[in-house]
Every structure is written in structure tokens, then in C-alpha cells.
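Colleague: Sending over a structure as C-alpha cells; questions will come in a sec.
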């Protein structure tokens, strides 16, 4: 992946602000990309939209958002860069879809007299084959479009007003799996309806309470760290509950904002990343919530506001699963982030028994990550490296070391000289030491960002 100002329609709208890769010591589960990758453009604003769209449209109640790499772009971009993606944003108040027709130009669907007319569109789903589905909420239907690689074209509609199977009253969320199956939530009918790629109804799942946001990882998903893991996520119960279902609609697990200790939550949209972890927007609290595939709570990220790492009523979320590129729509714009890693705990303790002394290292990370841990003496001099690009899963991790200086250190020149008191093959002498950990996510961000943490331990 090359370092240029690629990406998204949002990149064309974002305001330059010279942001480097840094989390300012705060939660670094997500970070702004490096300046060289985006020329510092990470945030869409009404001003930027006006520059590129003129008076055609303005941000008016942005909602769902989708991000894909079109297969047809192989012929149209001629660059060979596999991080060039198309992003579709629902501009609900102005009844249109804003998307990038190329890497350097925006287009709008829904305002031309020849376009299908939306009425308060909401959720959106798209795939690499050019299939695009929009929940046309006010018209009680799903609109199907096709991206030819040059523009969006109308294909047809799914459903109409009514309560019979395959009909809708207020469709909200839309998800699309690699097989072309379309999943639609209806907040008024309390159900999820499934259609195949031929627009034929194939199933109806009942038993929900005002379902809204929906996401799916289905069979054949190209960027899935665990290919055998497939499921559907639905947000319901007045935007408080998260339900995990099988592809047949069976309930596998559920959790709620109350279980996480989060007050006044308004869980809105949800996406699944490469590791099938959930990222959920919380409109009321101005943040994102992250859960693992088993619905265990990992962390929250951001806060309400308009500054760095703040969100102004976050709504739709889109992710390009391969590289961890994240786009979030807000009340009057959007932001662009990368998946990174945060370390909420990093501790070391010398354990002594009748024979041995060992060092136990405990840490907790927000993302599967590569770990590098160094030992420094009280003068800050390098002593040894305990972990070299070892990959750890999300959550709690542990390393143990016998306090013996290794004779060879992978990744370190054997010609490097240790201070004289540290003999290879011997146990570390008594004293105070610093443990320095560096953690890098498994996505593109690992080349530009590492979370560095330190702690001390004493041998006596």
C-alpha cells in the first residue's frame, strides 16, 4: 500500500490540519492516519463539501455509510493500489447519496430528475461487485443501485408499504453478505427480512424490539481472520441491546449497554472488522464501543465534542476490513481513522520461590497486536529483548521470563555490546529496571504507530 493521498470520498472533503500519528497519551484504539498518507485530511466539514459539491447539497442529517473496494476499479484506476476504496454516505435530510466516482471526484445520486427519489434514506450496504442497497425509510422500501465503476445506476426496489412478509413500514438497517444475501431491519415491524441476490424473500426473523443497526460476516468473506466464523449482529431494544445470531436467525448471545456500565447510550450503527470485533456508534455519548466476537466488552473510544478524537453525534460506521480504514459519519460531517491498539494495563512483578526467580508481565490490549518488550537498566541502557513481533490476541496477555540474559537475541545484532555487569547466559543482577513495551496493530497502522508503555520492577 503506497503512501499517497488516497482513500474515500471523505478524503476529498476533509480539512487539512497537519495531524501526525499520535493519540496524545489517550486511548489509542483508533488513530488518525499519518500526514503523508492523507496530506493531513481526516475530517469532513460543511465547508469542504461546499468546495467540492457547490450548491448541489449540504450535510443534512448524515446517516449510514459503506466502504468497499470495487472490482471494476482494477481497470479504471490503473494505479495498482489496493487501498483505493469507494465510500457511500447517506445524506438523509437532503434525500441523496454522496459517493466518490473516482479517487479525485465526488458525485451525488438522488437529486437528478432522472434518479430514483428517496424519502429519508437511512442505512446502506455495498460490496465489491457494485451492488448497493439503501433503506428508503420514508418510502417503506429498499432501493437497489449498481455501481458500474463510473456512476450509480438504478436497478430496482425490494418491498413496499405493508406488514406481509417481504413488505416494510420503516426499514432502517441494511447488511449484505458475500453471497448477495440482503438483511433488512424494520423498526416498526420488529423483524429482520432476508432477500437473495434475485430480490426474492428467503426468510423473516421475528422477536425483536425496534431493531435498527445490523451487520453480517458471511461465508466467503475475503477479509476474515477466522473464515469459519459467521454471524449476524442486530441492535434493538430502544438502542440499548446487541444481539448475535446465526445465519439461520438463531440467537447465539446478547448483551446491553447496561451490562457495560454505560449510561444514556444510544447504540446506533455497527460494523464488524477483520477479526469480527464489533464497533458500535453511541450517538448520545459521542463515542464508539468495541466488543469482541463473543460480545465481551473491550473499550470505548472518544467523547462528545468537535475536537481531536471527539465525535459530534456519531452515526454511520464503515470499515475496509483488509487495512482497518474506518469512516464515521457525524451530525454535520465525517471522520477518517485507522484501527490501532491501546494498552490499558502493563505490569511486571518478580515472583520468588524456594529455587527460582521469574518475572511475570501482565498487560491488556484493545486489539490483536504484535508485541516487543525490552528491559532497560536504571541508567536507561538496553539489557535484553523479551518479545520480538510476537502476536497476542485482544484482551489480557501474559509473558514470563527467567531473568536470565539470553546469549542471542533475535532481531538484535550479536555485535552489540552489553554493559559489563550483564553477562549473556547469566541471571540479571539485583537492581531497579524498566520494562518498555511496544504494541502494534495487525493492520496498516503498524507501519506508522506503536503504543509505547513502561513500568518498573526491582530484583533484590
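The values are calculated or read from the model by the stated rules, or taken from the named source; none is laboratory data. This structure is a prediction, so every number in the text was calculated from the model and none was measured. Note: ideal-geometry Cβ built from the backbone for every residue, glycine included; neighbour counts use all protein chains shown.
Colleague: Output yes when any residue across region 303-320 is assigned to a strand (DSSP E or B), in contact with a helix residue (DSSP H, G or I) (Cβ under 9 Å, 6 or more places away or on another chain) and closer than 22 Å to residue 34 by Cβ, and no when none is.
Modeller: No: zero hits.
Colleague: Same structure, new question: Quick one: would you say residue 386 is more than 30 Å from residue 178 (Cβ to Cβ), at pLDDT below 90, assigned to a strand (DSSP E or B) and touching a strand residue (DSSP E or B) at 6+ places or on another chain (Cβ under 7 Å)?
Modeller: In short, yes.
Colleague: Now a separate question. Could you check residue 164 against (1) assigned to a loop (DSSP other than H, G, I, E, B); (2) touching a residue at least 24 places away in the same chain (Cβ under 8 Å); (3) farther than 22 Å from residue 108 by Cα and say which number it fails?
Modeller: Every listed condition holds for residue 164 apart from (2).
Colleague: Identify, by number, the condition in (1) out of contact with any strand residue (DSSP E or B) (no Cβ under 7 Å at 6 or more places or on another chain); (2) touching a residue at least 12 places away in the same chain (Cβ under 8 Å) that residue 144 doesn't meet.
Modeller: The number of the failed condition is (1).
Colleague: Continuing with this model, one more query. Of the conditions (1) assigned to a loop (DSSP other than H, G, I, E, B); (2) closer than 27 Å to residue 342 by Cβ; (3) at pLDDT 85 or above, residue 379 clears all except one; give me its number.
Modeller: Answer for residue 379: the failing condition is (2).
Colleague: Follow-up question, since we're still on this one. Which ones in region 184-230 are surrounded by fewer than 18 Cβ atoms within 10 Å (Cβ to Cβ) and in a strand (DSSP E or B)?
Modeller: 201, 202, 203, 204
Colleague: Something else: Filter region 401-420 down to the residues that are modelled with pLDDT under 75 and surrounded by 13 or more Cβ atoms within 10 Å (Cβ to Cβ) and list them by number.
Modeller: 409, 412, 418
Colleague: Is it the case that some residue within region 361-375 is loosely packed, with under 13 Cβ neighbours inside 10 Å, in a strand (DSSP E or B) and either in the same structural domain as residue 432 (by TED's automatic domain parsing) or modelled with pLDDT under 90 (or both)?
Modeller: Looking through region 361-375, none of the residues is loosely packed, with under 13 Cβ neighbours inside 10 Å, in a strand (DSSP E or B) and either in the same structural domain as residue 432 (by TED's automatic domain parsing) or modelled with pLDDT under 90 (or both).
One line per residue, one yes/no per condition, for (1) touching a strand residue (DSSP E or B) at 6+ places or on another chain (Cβ under 6 Å); (2) in the same structural domain as residue 330 (by TED's automatic domain parsing); (3) crowded, with 18+ Cβ neighbours inside 10 Å; (4) touching a residue at least 60 places away in the same chain (Cβ under 8 Å):
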{"position": "235", "(1), (2), (3), (4)": "yes, yes, yes, yes"}
{"position": "241", "(1), (2), (3), (4)": "yes, yes, yes, no"}
{"position": "245", "(1), (2), (3), (4)": "yes, yes, yes, no"}
{"position": "254", "(1), (2), (3), (4)": "yes, yes, no, no"}
{"position": "263", "(1), (2), (3), (4)": "no, yes, no, no"}
{"position": "269", "(1), (2), (3), (4)": "yes, yes, yes, yes"}
{"position": "272", "(1), (2), (3), (4)": "yes, yes, yes, no"}
{"position": "294", "(1), (2), (3), (4)": "no, yes, no, no"}
{"position": "298", "(1), (2), (3), (4)": "yes, yes, yes, yes"}
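Colleague: Same structure again: For region 231-262, name all the residues that are assigned to a loop (DSSP other than H, G, I, E, B) and either touching a helix residue (DSSP H, G or I) at 6+ places or on another chain (Cβ under 9 Å) or within 15 Å of residue 207 (Cβ to Cβ) (or both).
Modeller: Hits for region 231-262 are 237, 246, 248, 249, 250.
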